[in-house]
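Written out below as structure tokens is the structure these notes cover.
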Amino acid sequence: MVIADALARLHRMMGDDVYFVTGTDEHGRKVAEAACEHGVAAREWTDRMSARFREAWTDLDISNDDFIRTTEERHYTTVQSFFRRIKENGYISKDVYRGPYCVACESYYEESELDNGNCPYHGRPVEEMEEENYFFELPALEDRLLEWYERNPDAVVPATKRNEAVGFIKSGLKHISITRTSLTWGVPVPWDSGHVFYVWSDALVNYLTAIGYGSGDGRLERFWPVVHHVIGKDILRFHCVWWPAMCIAAGLEPPSQVLVHGWLLVSGEKMSKSRLNQIAPGDLTGDFGVDPVRYHLLRDVSLGADGDFSYEGMVERYNADLANNLGNLLARVVAVVNSKCGGIGPVSPGVVSRGTQPSIEPRAGSGNQPAGGSTVTGPAAGGSIAVAGSDALSGAAAELAGKAGRAAARAMDSWSRSLPHDALREVWELIRDVNSALETVEPWRKEPGIEVDNILGAGLEALRVIALLVAPAMPSTADEIWRRIGLTGSPDKERLPDALQWGGYPGGLQVIKGPPLFPRITR
């Protein structure tokens with residue numbers, strides 16, 4: 001969720017038309033059994049669980065525009081309309097299913113996929129199921145799926161997950177069950193009152209519910225198919241095989257891209273209620289603050305890989321990156337501006353002409369379509385955000401301006417390719433460069449004058465650029481940096497990449513001292 005939120009915030013700053021959706025899928029046997037175990041109706045149980053997810057996303061400052069519950073009437077209408085279209089197009093038939101079923105992930109498996117008779121993801125025994133179902137005729141779409149993947153090499157990232165999806169298709173597809181008769185907790189099948197839709201069949205359609213599929217209000221045409229799903233690796237088959245095939249069968253283009261992340265592990269194991277190794281977001285944000293938790297989740301795990309969480313590792317990352325580097329940089333610059341410049345920030349050397357555009361050269365073949373439909377290209381190796389008016393720069397300030405331009409370009413390239421860990425690594429390289437430049441010049445030891453003004457102006461400008469680049473990941477932190485260096489408004493209202501041009505800090509602003517941005521954690 002933090003990955004999705006950071007990307008949504010980034011694309012809003014880029015001026016893209018963004019509609020960020022999350023929610024809860026609430027049907028299926030697993031949910032019905034959990035409600036029964038707790039002695040409540042399924043509706044009451046899902047009300048409780050959905051509220052807990054909303055609370056978690058509030059704790060993590062998630063900026064979603066909509067929250068879909070699959071038990072909402074609007075979703076029932078969309079699901080029924082969507083599958084009626086697939087049936088009319090001849091891709092649904094009736095048969096009897098027999099085979100292994102995992103209740104925990106609500107999924108059927110082949111015997112060859114089991115691990116000693118257990119679910120390959122949950123490690124628990126599966127059970128044999130047999131019931132009359134309606135089936136989606138997936139094999140009929142095999143060739144069209146492969147053709148679509150051939151035309152869209154970036155449809156699934158990272159590439160290893162795309163290869164996994166294509167390999168699954170090439171291994172031979174089978175009809176998939178899309179309804180159940182063994183339970184009533186689900187979306188009713190409109191053409192057969194004895195069936196409800198299988199939870200995964202109905203849950204996938206939530207993306208269409210969110211943008212008014214079948215409503216005729218224009219939102220479907222506005223957003224589809226330039227949509228981006230962010231999913232965990234264990235549901236790749238549903239999103240990267242079933243879902244695009246269902247879209248094709250319904251006469252829709254599949255979604256543009258699926259971003260697949262790994263698991264957040266604790267001591268090498270996936271979080272699980274049975275192992276009692278879950279960590280609630282609220283527990284972490286209470287100890288570290290919201291933005292440090294967001295930073296840790298985005299910075300320490302590359303997209304697609306698993307990440308092993310530990311409390312000790314979080315403390316180490318917090319102290320090293322946030323307290324020692326970013327927090328110390330802000331405090332140092334503000335303190336020296338107060339002592340040497342009367343608290344008024346000097347203008348950044350090399351102020352740009354407002355008509356100058358940033359120079360970002362495209363990396364060959366690196367174009368991506370972000371949410372909203374704009375094409376974003378990143379810089380070639382060595383590319384940079386333009387530094388206009390650089391003749392006014394000299395010495396350490398000039399060197400810092402060049403480093404900031406290159407770091408900004410590389411960070412934007414990584415953000416545009418949905419690689420927040422790489423983007424943040426580039427930002428922290430810049431933070432270290434600014435601290436190093438200050439250590440070299442030592443303005444706190446010098447008398448007020450041009451040299452001091454230049455390095456402090458460059459430091460304030462670098463902090464402005466840093467605030468812009470961390471805003472998608474750490475929105476509150478970016479706002480506070482913005483405020484303390486005397487700027488008004490908010491970095492998330494600026495437009496990227498234009499706002500990253502060097503020389504945007506106007507000078508003449510009162511800087512604001514404050515408590516440590518990130519107090520060191522000693523325990």
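Residue under question is Q501, and the condition is that it be surrounded by 19 or more Cβ atoms within 10 Å (Cβ to Cβ) and among the polar types (S, T, N, Q); does it hold? Taking the combined requirement at face value, the residue satisfies it. Screening the range 194-216 for residues that are at pLDDT 95 or above and assigned to a loop (DSSP other than H, G, I, E, B) and picking the one that is nearest to F67 (Cα to Cα) gives I211. Looking across the range 293-310, just one residue is more than 16 Å from the chain's Cα centre (by Cα) and not in a strand (DSSP E or B), and that is S310. The single residue among G327, G282, G304, G313 that is without any contact (Cβ under 8 Å) to a residue 40 or more places away in the chain and outside the structural domain of W57 (by TED's automatic domain parsing) turns out to be G313. Restricting W482, W415, W428, W502 to residues that are without any contact (Cβ under 8 Å) to a residue 24 or more places away in the chain and among the aromatic types (F, W, Y) narrows the list to W482. Looking across V199, V189, one residue alone is at negative phi and out of contact with any strand residue (DSSP E or B) (no Cβ under 7 Å at 6 or more places or on another chain). It is V199.
The set of residues in the range 208-222 being crowded, with 21+ Cβ neighbours inside 10 Å and within 21 Å of the chain's Cα centre (by Cα) consists of L208, T209, A210. Quick one: would you say S182 is closer than 24 Å to Y76 by Cα and without any contact (Cβ under 8 Å) to a residue 12 or more places away in the chain? Criteria not met by S182. Name the residues in the range 55-73 that are surrounded by 17 or more Cβ atoms within 10 Å (Cβ to Cβ) and in a helix (DSSP H, G or I), would you? Of everything in the range 55-73, those that are surrounded by 17 or more Cβ atoms within 10 Å (Cβ to Cβ) and in a helix (DSSP H, G or I) turn out to be W57, D59. Being touching a residue at least 24 places away in the same chain (Cβ under 8 Å) and small (G, A, S), is that true of even one residue in the range 105-126? For the range 105-126, residues touching a residue at least 24 places away in the same chain (Cβ under 8 Å) and small (G, A, S): present. Screening G507 against (1) touching a residue at least 40 places away in the same chain (Cβ under 8 Å); (2) assigned to a helix (DSSP H, G or I); (3) of a type outside the set (D, E, K, R) leaves a single unmet condition, (2).
Go through the range 1-29 and count every residue that is in a loop (DSSP other than H, G, I, E, B) and either of a type outside the set (A, V, I, L, M, F, W, C) or out of contact with any Phe, Trp or Tyr (no Cβ under 7 Å at 6 or more places or on another chain) (or both). It would help to see each step written out before you state the result.
Initially, the range 1-29 is screened for residues in a loop (DSSP other than H, G, I, E, B), giving 1, 14-20, 25-28.
Remaining after also requiring either of a type outside the set (A, V, I, L, M, F, W, C) or out of contact with any Phe, Trp or Tyr (no Cβ under 7 Å at 6 or more places or on another chain) (or both): 14-20, 25-28.
The qualifying residues number 11.
Of the residues making up the range 217-249, those that are outside any helix (DSSP H, G or I) and within 19 Å of T77 (Cα to Cα) are D217, G218, W224.
Here are A371, A409: which of them is crowded, with 21+ Cβ neighbours inside 10 Å and either in a helix (DSSP H, G or I) or modelled with pLDDT of 90 or more (or both)?
Values: A371 fails: either in a helix (DSSP H, G or I) or modelled with pLDDT of 90 or more (or both).
That would be A409, the only listed residue that is crowded, with 21+ Cβ neighbours inside 10 Å and either in a helix (DSSP H, G or I) or modelled with pLDDT of 90 or more (or both).
Considering only the range 17-41, how many residues are among the polar types (S, T, N, Q) and within 26 Å of K493 (Cα to Cα)? Of the residues in that region, 1 qualify.
Within the range 448-473, the set of residues being outside any helix (DSSP H, G or I) and either touching a residue at least 24 places away in the same chain (Cβ under 8 Å) or closer than 26 Å to M1 by Cβ (or both) comprises P448, A471, P472, A473.
The values are calculated or read from the model by the stated rules, or taken from the named source; none is laboratory data. Keep in mind that what you see is a predicted model, and the values were worked out from it rather than measured. Cβ sites come from the backbone with ideal geometry, for glycine too, and all protein chains shown count toward neighbours.
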